[in-house]
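Visitor: Sharing a structure with you now.
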Amino acid sequence: MNQPKKLFLLDAYALIYRAYFAFAKNPRINSNGLNTSAIFGFTNTVLEVIKKEKPTHIAVVFDTKKPTERHIEFPEYKAQREAMPEPLQLSLPYIDRLLEALKIPKIYMDGYEADDVIGTIAKNAEKKGFKVYMMTPDKDFAQLVSENIFMYRPASKWQPSTIWGISEVKEKFKINSVEQVIDFLAMTGDAADNIPGIPGVGEKTAQKFLNEFGSLEKLYKNTAFIKGKIRDKVESSKDLAFLCK
């Protein structure tokens, strides 16, 4: 019997940053004075996935420095993020060599974020009979989850790695379908990406709106049914809400 095709797509910078900051209080420094925290942590992550999950296919997906459509259309997008710490920058050539040694493809495309590339590969691979695991702590990936596409959230010192399928995504966001993740994030915003969302709309209000109306589009067709002061905020933020989406 053939082994099922199991593809792991690793969100490179999300995992590299995570590894680096995991040792922030006790950095790993080698005899040459190089901070190896990111290299050490990322290597452990990759080796653990290979050993524990036994993927038939694996790739690591990177962002590039070229701006994406989101940066051009919304200059505030991720504008609050600080430059990459120097020790982390110095780690990148070693991570490249690690992937080369392990014969793991490094994938990237100018003008697109790693998220976009992972999403495209995941959806195409699903059509070709793969079970796809997107390894990332980034909740935005929840919008891509399907019967054959999963989020593989890496372990931390507080909890083991977890896998989000359709039921886990619906439970996490308290929504009725995976398709509503985008609307939920458009309404609530996302501080990590500097996406403002609709002013005054938090998680519970977004869940209530989605339960009642089903989508952002239907919310704006039915604002007459919204009670209280929040109605004014919703109505005056229509353009912003759709830009966020």
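Visitor: If I model a spin label as a point 7 Å beyond the Cα along the Cα-Cβ vector, how far apart are those points for GLU48 and SER177 in nm?
Guide: 3.6
Visitor: Compute the relative contact order of the stretch 1-136 as a whole-number percentage, counting only Cα pairs closer than 8 Å that sit 6 or more residues apart in sequence.
Guide: Details: 174 pairs, mean separation 53.8, N = 136.
This gives 40 percent for the stretch 1-136.
Visitor: Any idea how far the Cα center of the stretch 1-53 sits from the one of the stretch 168-189, in Å?
Guide: Taking the Cα centre of each part, the stretch 1-53 and the stretch 168-189 sit 29 Å apart.
Visitor: Let me check against my output: what whole-number percent is the relative contact order of the chain, with C-alpha pairs under 8 Å and at least 6 apart? Before the final figure, lay out the partial values.
Guide: Numbers: 357 pairs, mean separation 41.4, N = 245.
RCO, the chain: 17 percent.
Visitor: In nm, give the distance between the simple-model label positions of LYS128 and ASP232, each being 7 Å from the Cα along the Cα-to-Cβ direction.
Guide: The answer from the label model is 5.5 nm.
Visitor: How far apart, in nm, are two points set 7 Å out from the Cα along the Cα-to-Cβ line at LEU240 and at ASN194?
Guide: A separation of 1.6 nm, rounded to one decimal place.
Visitor: Using only the alpha carbons of the stretch 110-218, what is the convex hull's orientation-averaged projected area in square nanometres?
Guide: On the way: hull surface 32.9 nm².
Averaging across all directions leaves 8.2 nm² for the Cα convex hull.
Visitor: For THR223 and SER156, compute 0.36 nm times the residue count separating them, minus their Cα-Cα distance, and round to one decimal in nm. Could you put the intermediate results ahead of the total?
Guide: Working: separation 67, 0.36 × 67 = 24.12 nm, distance 4.18 nm.
Result for the pair: 19.9 nm of gain on full extension.
Visitor: If you roll a 1.4 angstrom probe over the protein chains with everything in place, what fraction of the accessible area of the chain belongs to carbon and sulfur, to the nearest %?
Guide: C and S fraction of accessible area: 53 percent.
Visitor: Something else now. Can you pick out the pairs among LYS103/LYS123; LYS127/LYS174; LYS106/LYS174 whose Cα atoms lie more than 26 Å from each other?
Guide: As for pairs spanning more than 26 Å Cα to Cα, those are LYS127/LYS174; LYS106/LYS174.
Visitor: Per residue, how much accessible area does the stretch 154-232 show when a 1.4 Å probe rolls over the protein heavy atoms, in square angstrom? Working shown, then result.
Guide: Working: 4510 Å² over 79 residues.
Value returned for the stretch 154-232: 57 Å² of accessible area per residue.
Visitor: Given springs between every Cα pair under 10 Å in a Gaussian network model of the chain, which of PHE21, PHE225, PHE150 has the largest fluctuation?
Guide: Per the Cα network of the chain with a 10 Å cutoff, PHE225 tops the list.
Visitor: In addition: Name the long-range amide H neighbours of LYS5: under 5 Å, sequence gap of 5 or more, or other chain; modelled H, no Pro or chain starts.
Guide: Sorted by chain and number, the residues that satisfy this are LYS131.
The values are calculated or read from the model by the stated rules, or taken from the named source; none is laboratory data. This is a predicted model, so every value here is computed, not measured. Cβ coordinates were reconstructed from backbone atoms using ideal geometry, including for glycine residues, and neighbour counts include every protein chain displayed. Accessible surface is based on the protein model in full, side chains and every heavy atom, while ligands, DNA and RNA are left aside. Shrake-Rupley method; radii C 1.70, N 1.55, O 1.52, S 1.80 Å.
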